[in-house]
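Below you'll find the structure, written out as structure tokens, and then a few comments.
The values are calculated or read from the model by the stated rules, or taken from the named source; none is laboratory data. What you see is a predicted model, and the numbers here were worked out from it, not measured in a lab. All Cβ positions, glycine included, derive from the backbone under ideal geometry; neighbour counts span all protein chains shown. Note: accessible area is taken over every heavy atom of the protein model, side chains too, but ligands, DNA and RNA are not part of it. Shrake-Rupley method; radii C 1.70, N 1.55, O 1.52, S 1.80 Å.
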Amino acid sequence: MNQDLLAQAKQRLPLSALMAQLGFGDCAKKSARCPFHEDSSASFSLYIGDDGEERWKCFAGCGQGDAIDFFAKHRGLSNTDACREYIRLADVPPPPAPPSSSNPSPSVQPPFDWQSCVAALTPEHRAKLAEWRGYTPEFVEWLHAQNLIGLFSGERIAFPVHDAQGKVIACHYRRKEDGSWRYFQKLEDIGARISPLIIGDMVTAKTIFAFESQWDYCAVADKLGWHVTTPGDTATIITRGAENSRLLAGLCAPDAVVCAFGQNDKPNPKTGIRAGAKWLAAVAAHCGCKCVQVVTPSPHKDANDWTRAGATRPEIEATIAAAQSVTVSNEPDLHAAPPRKVSKPAITLPEESDEPESAPFPLDALPLAMATIIAAVSRTERVPLALPAVGALGVVSAAIGAGLEVTSGPNRVTRANLYLLASAESGSGKSETFRLIAAPLVDHQARLLETWRQKTSPQLQSEIRVLDKEIATLERKAAKSGDLMERERLRGELEYKLARKDEMTARAAMPCIIAQVPGLHHGARSSPRSYHSHGGRCQGATGTDGSRRPARRRECDAQRRWQDHAHLPGRQESSAGMNQKKPRERKYK
Amino acid sequence: MTQAYDPKDCPMPLDFFLRRYGISRTTAWRWRKNGLPTLQVGAKIFCRESEFVRFMETQTAKNQPGDAQ
């Protein structure tokens, strides 16, 4: 990166101005709350460094640095990308391009204009496309009218890439040179992720047609006349490649049926695995609903190949009707080519399974409200259903705690405690998923803790002090009393007061935290720094508070303390029901 | 619900009354089962003297000679 450009950018857009532009103007001062974490006290500071440049630091550990570091942290960018974006944001005029430079960086170009791409696809281009792919001209015209196809940078056919709001932020174009597909703008430059091409409303659709390639969709849609009469309650999703099946995660309604049009491509000579089979298995694993496979007849490579070979509408409809349910299996693929034999391997690596990780999570087995939350989080965070589902089970388990018992056999009682461990790759959205799933419990817990601090704890402390005084008085009286009966009575009374005091002292201890989310502090930790020293231990592990006590014991303690808040004085025992097992109360109401 | 604090009728350990009135632990156990109001603090059982005496009188009245069938 050109240092002159960076220096110019820092002059034009210093850190304080950058913060104001990013909406953190109120933090651009010597002492402020950190914008990067939930800050209850002022941990953030903006100051002038030794070189006269504005710098920032978060004393809670979020980081420090100059404007570029701030920008990179805020956007989650690498240093290189942050520099590039920062220069663009500072509106630094680009240096004169060298004569040989014919491919300037896309990120310094103006925002992407999809409409110009659509306009660039002239009638001649459309006719050429229809002839090339074997589509009817009417269908290509419909695609064009729907703004679903365009021409990018000359003669490159392009499809739009939408953001969450449905705005076109980039295009997915086909290179003429080698037929490969690329994105413009680069998705990482604009802070976007690969997203499937969705046509229709996935939320309400009962039938979802899934394609690996745009051409397959166009071929099927053309033959079935979807441009003439759009079928109701259906939607289409195109994953833009065999590797992107996970993009279906959380998009389909639990009661929908996914009709996946697989491709009959050749097995990979190295692994012996067909990309189409892998795509199909991954679609079934991630869609979160029933998945059926629409089989393209064997001689044809894919649906477009089939339609070009003369497939008719009744044939395609019959194939869809005969679609077989896809079952996700962890068994090895017996049809895969045998692995290559290596005479003397230098090292033996563990074999990696190319099968899908696991069967789809049985969302329909959960209560509707829980399933809805899980599906919503999965959709928002684009993670497999299993991740929020495991978190939700843990949160529900922690919320029930020891408050519910099931007599599962003679002399046997089972509680709702679950011990779960969710693992996934770094950066796959574990923390954010757990934060969303645990938010209701954490919020409720914070409210209870606040009530405990403001009301319960002062009451307990005052009660303990009163008891202290009464105990002292009783001790004096008992010591002076000469009457044996009176002395014994005073001793009995003293015994009661001491027992009350012990109980009050036990209740006055700080309640345990049942659920904790990294980055959030709800009072059990004295400061963010102390939290970070324990960081990671509690994430996803509901029912732990970071202490060394066994989780079940801690949970029971916490449960008892929360329950105690409802009735502060000693438990009044009803002797009429002394030997009758009373049902336990729910902890949170 | 707890009763209002009365310094003259403070809960006392149940053992105190058992010793004072010469009542066995088994009888106390049966009385508790039959409705003697007690108060458990931690692992210890307490009882107010007024309630204990009242309950004792009702039990004694029931078991007067001649009442048995």
Of everything in segment A:473-490 that's surrounded by 12 or more Cβ atoms within 10 Å (Cβ to Cβ) and more than 14 Å from chain B (Cβ to nearest Cβ), which residue is farthest from A:Ala399 (Cα to Cα)? A:Ser481
Need a quick list: helices (runs of 4 or more DSSP H) entirely within segment A:107-221 having at least 1 residues that are at positive phi and crowded, with 20+ Cβ neighbours inside 10 Å. none
I'd like to check something: does segment A:318-329 contain any residue that is open to solvent by 60 Å² or more (accessible area, probe 1.4 Å), β-branched (Val, Ile, Thr) and closer than 23 Å to A:Pro388 by Cα? yes
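Condition check ((1) within 14 Å of chain B (Cβ to nearest Cβ); (2) outside any helix (DSSP H, G or I); (3) open to solvent by 60 Å² or more (accessible area, probe 1.4 Å); (4) at positive phi) across all residues:
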{"position": "A:Phe434", "(1), (2), (3), (4)": "no, no, no, no"}
{"position": "A:Leu441", "(1), (2), (3), (4)": "no, no, no, no"}
{"position": "A:Ala446", "(1), (2), (3), (4)": "no, no, no, no"}
{"position": "A:Lys469", "(1), (2), (3), (4)": "yes, no, yes, no"}
{"position": "A:Gly492", "(1), (2), (3), (4)": "yes, no, no, no"}
Name the residue, out of A:Glu475, A:Glu425, that is acidic (Asp, Glu), without any contact (Cβ under 8 Å) to a residue 40 or more places away in the chain and assigned to a helix (DSSP H, G or I). A:Glu475
For segment A:395-420, which residues satisfy the criterion of being assigned to a loop (DSSP other than H, G, I, E, B), open to solvent by 60 Å² or more (accessible area, probe 1.4 Å) and in contact with a Leu (Cβ under 8 Å, 6 or more places away or on another chain)? A:Leu418, A:Leu420
Please give the number of the condition A:Glu315 fails out of (1) touching a residue at least 24 places away in the same chain (Cβ under 8 Å); (2) acidic (Asp, Glu); (3) at negative phi. (1)
How many residues does segment A:40-59 hold that are surrounded by 19 or more Cβ atoms within 10 Å (Cβ to Cβ), touching a residue at least 40 places away in the same chain (Cβ under 8 Å) and more than 18 Å from A:Ala7 (Cα to Cα)? 1
